[in-house]
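Right, one structure below, let's go through it.
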Amino acid sequence: MTYVITQPCVDLKDRACIDECPVDCIYEGPRKMYINPDECVDCGACEPVCPVEAIFYEDSLPDEWSGYLTADRDVFAATGAPGGASTTDPLPRDHPIVEGEPVKAG
Ligand code: F3S
Ligand code: F3S
């Protein structure tokens with residue numbers, strides 16, 4: 001199981017979640033942050049600090065954003081476990097689900 005970052009994060013990336021994560025498993029993409037499901041220890045510390053309520057436990061994902069579970073898994077399927085977000089370059093591109101989201105104004 002894992003936590004998942006969903007659509008409200010797109011084009012916002014508040015970053016409050018990063019400071020809470022004890023295992024450094026929240027990685028940056030161009031338009032959204034991504035939780036590596038293989039590194040997340042389900043501590044739940046990130047979920048309440050997101051100001052736009054973008055973070056959900058995977059069993060509690062709203063239906064409209066269920067595709068984000070796949071998004072956060074898929075972006076790491078290609079790279080493997082990078083071994084810590086703070087020592088890793090940002091992800092080169094977003095998942096197609098994120099790339100397909102309309103750009104949010106300002
Ligand atoms: Fe996972 Fe969030 Fe904790 S990403 S390890 S539940 S801070
Ligand atoms: Fe995004 Fe919320 Fe974290 S907007 S960067 S999931 S605090």
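The values are calculated or read from the model by the stated rules, or taken from the named source; none is laboratory data. Bear in mind that the values here come from a model prediction, so they are computed numbers and not experimental data. Because the Cβ atoms are built from the backbone with ideal geometry, glycine has one as well, and the counts that use them run over all protein chains shown. Just the protein is used for accessible areas: all its heavy atoms, side chains included, with ligands, DNA and RNA removed. Shrake-Rupley method; radii C 1.70, N 1.55, O 1.52, S 1.80 Å.
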>> Which count do you get for residues in the stretch 45-69 that are surrounded by 12 or more Cβ atoms within 10 Å (Cβ to Cβ), outside any loop (DSSP other than H, G, I, E, B) and away from ligand 2 (no atom under 13 Å from the Cβ)?
In response: 4
> Among all residue pairs at least 6 apart or on different chains, which show Cβ distances below 7 Å where the first residue, located in the stretch 9-33, is over 16 Å from residue 51 (Cβ atoms) and in contact (Cβ under 8 Å) with a residue 40 or more places away in the chain and the second is in a strand (DSSP E or B) and within 7 Å of ligand 2 (Cβ to nearest atom)?
Replying inline: 27/33
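Can you find a residue that is among the small types (Gly, Ala, Ser), over 17 Å from residue 103 (Cα atoms) and not in a loop (DSSP other than H, G, I, E, B) anywhere in the stretch 24-44? Step through it out loud before you land on a result.
Here is the first cut: in the stretch 24-44, the residues among the small types (Gly, Ala, Ser) are 29, 44.
Narrowing the set further to residues that are over 17 Å from residue 103 (Cα atoms) leaves 44.
Cutting the leftovers down to not in a loop (DSSP other than H, G, I, E, B) gives us none.
No, the stretch 24-44 contains no residue that is among the small types (Gly, Ala, Ser), over 17 Å from residue 103 (Cα atoms) and not in a loop (DSSP other than H, G, I, E, B).
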>> Name the residue that is modelled with the lowest pLDDT, counting only residues in the stretch 84-106 that are farther than 17 Å from residue 33 by Cβ and of a type in the set (Gly, Ala, Ser).
In response: 106
> Taking the stretch 27-44 only, how many residues are near ligand 1 (Cβ under 10 Å from one of its atoms) and open to solvent by 30 Å² or more (accessible area, probe 1.4 Å)?
Replying inline: 4
>> Go through the stretch 78-106 and report how many residues are in a helix (DSSP H, G or I), surrounded by 10 or more Cβ atoms within 10 Å (Cβ to Cβ) and not hydroxyl-bearing (Ser, Thr, Tyr).
In response: 5
>> Kindly evaluate residue 79 against the criterion of being at negative phi, away from ligand 1 (no atom under 13 Å from the Cβ), at pLDDT below 90 and not basic (Lys, Arg).
In response: yes
